[in-house]
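Colleague: Below is a structure I'd like to ask you about.
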Amino acid sequence: MSRLALLAVLGAVAAGVLVTWLLFPSPLVVDEHTVPAVRGMPLADALRALQDSGFRGREVGRLPDPEAAAGTVAWQLPVAGSVLPDSAVVRVTVSSGRPSVLVPELGDLDIATAGEVLQAAGLVIGAVDTQWAADPPGIVLHSRPEPGKAVRSGDTVQLIVSRGPRERRP
């Protein structure tokens, strides 16, 4: 191959590399970073931490979370510890707080069963008051909040329990 042909081939290759680089600019060496853990952080702090680490944070939704406080990051994708290229997008879901549950009907249940029903609903027995009633002792008469009311998971429910009938003295 003549020297002129070799220069022509090298020139064509160089021109091809230059045109490709101009049309599709991308770094020759990709800078990678480790995704930080942002779960539990307030949204603004999480987005700042992601940006400081070389990523673009994006809120993708809100959902109730029994563990994450409202306004904090409940989930991130990719997860913490993943290695991604510079400026990659990390999606975060923000907690709207504990989920709502309805207070179950507890009237006419004994206190132990009422406790089990509350636990199954994600609620906790709070204060227990008693009052005289025709029902046998230990039977739930009312609850506060009342049945059907929406409360947050983990809230307490006060029970008013029968003390039994008042004894009449002759």
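The values are calculated or read from the model by the stated rules, or taken from the named source; none is laboratory data. Everything numeric here is computed off the predicted structure, so don't read it as measured data. FYI the Cβ positions are ideal-geometry reconstructions off the backbone, even for glycines, and counts take in every protein chain you see. Note: accessible area is taken over every heavy atom of the protein model, side chains too, but ligands, DNA and RNA are not part of it. Shrake-Rupley method; radii C 1.70, N 1.55, O 1.52, S 1.80 Å.
Colleague: Starting from 0.36 nm per residue, how many nanometres of slack lie between R152 and V124 once their C-alpha separation is accounted for?
Modeller: 9.0 nm
Colleague: Distance in nm between label sites at E116 and V9, each 7 Å beyond Cα in the beta-carbon direction?
Modeller: Reported label-point gap for E116 and V9 is 8.6 nm.
Colleague: Separate question: List every DSSP H helix in the chain whose Cα atoms extend 18 Å or more along the helix's own long axis and whose mean Kyte-Doolittle hydropathy is at least 1.6.
Modeller: Counting only whole DSSP H runs, the qualifying helices are 3-23.
Colleague: Taking 0.36 nm per intervening residue step and subtracting the Cα-Cα distance, what contour gain separates V60 from S100 on full extension?
Modeller: Result for the pair: 12.3 nm of gain on full extension.
Colleague: If you take the Cα Rg of region 99-159 and divide it by 2.2 N^0.38 Å, with N the number of residues, what do you get?
Modeller: 1.05
Colleague: Order of 91-99, 5-13 by packing, highest average Cβ count within 10 Å first?
Modeller: For the peptides 91-99, 5-13, the packing ranking is 91-99, 5-13.
Colleague: So, one more: Can you put W75, W132 in order of accessible area, largest first, using a 1.4 Å probe?
Modeller: W75, W132
Colleague: A follow-up question, please. In whole angstrom, how far apart do the alpha carbon centroids of region 105-121 and region 66-92 sit?
Modeller: Answer, in whole Å: 38.
Colleague: Taking each pair of different alpha-carbon atoms in the chain once, compute 1/r for the pair, average those values, and report the inverse of that mean as the Kirkwood hydrodynamic radius in Å to one decimal.
Modeller: With all distinct Cα pairs of the chain included, I get 21.6 Å.
Colleague: Further, regarding this structure: Relative to the present Cα-Cα distance, how much length would full extension add between V19 and Q131 at 0.36 nm per residue of separation?
Modeller: Result: 31.5 nm gained on full extension.
Colleague: Sequence-distant or interchain residues sharing an amide H contact under 5 Å with I139, placed H: which?
Modeller: It is S162, by chain and number.
Colleague: Okay, moving on. Treating the beta-carbon of each Lys and Arg as +1 and of each Asp and Glu as -1, no other charges, what is the dipole magnitude of the chain about its Cα centre, to the nearest 20 debye?
Modeller: Once rounded to the nearest 20, the dipole reads 300 debye.
Colleague: A further question on this structure: For the chain, what does -39500 (n - 2.57) per DSSP helix run (n ≥ 4), summed and divided by total residues, give at 222 nm, in deg cm²/dmol to the nearest 500?
Modeller: Theoretical 222 nm ellipticity from helices: -7500 deg cm²/dmol.
Colleague: Over all distinct alpha-carbon pairs, what is the Kirkwood Rh of region 15-94 in angstrom?
Modeller: Its Kirkwood hydrodynamic radius stands at 13.9 Å.
Colleague: Using modelled amide H (1.01 Å from N, peptide plane; none on Pro or chain starts), what sits under 5 Å from the amide H of T130, excluding residues fewer than 5 places away?
Modeller: Amide H to amide H, under 5 Å and 5 or more residues apart or across chains, T130 pairs with V161.
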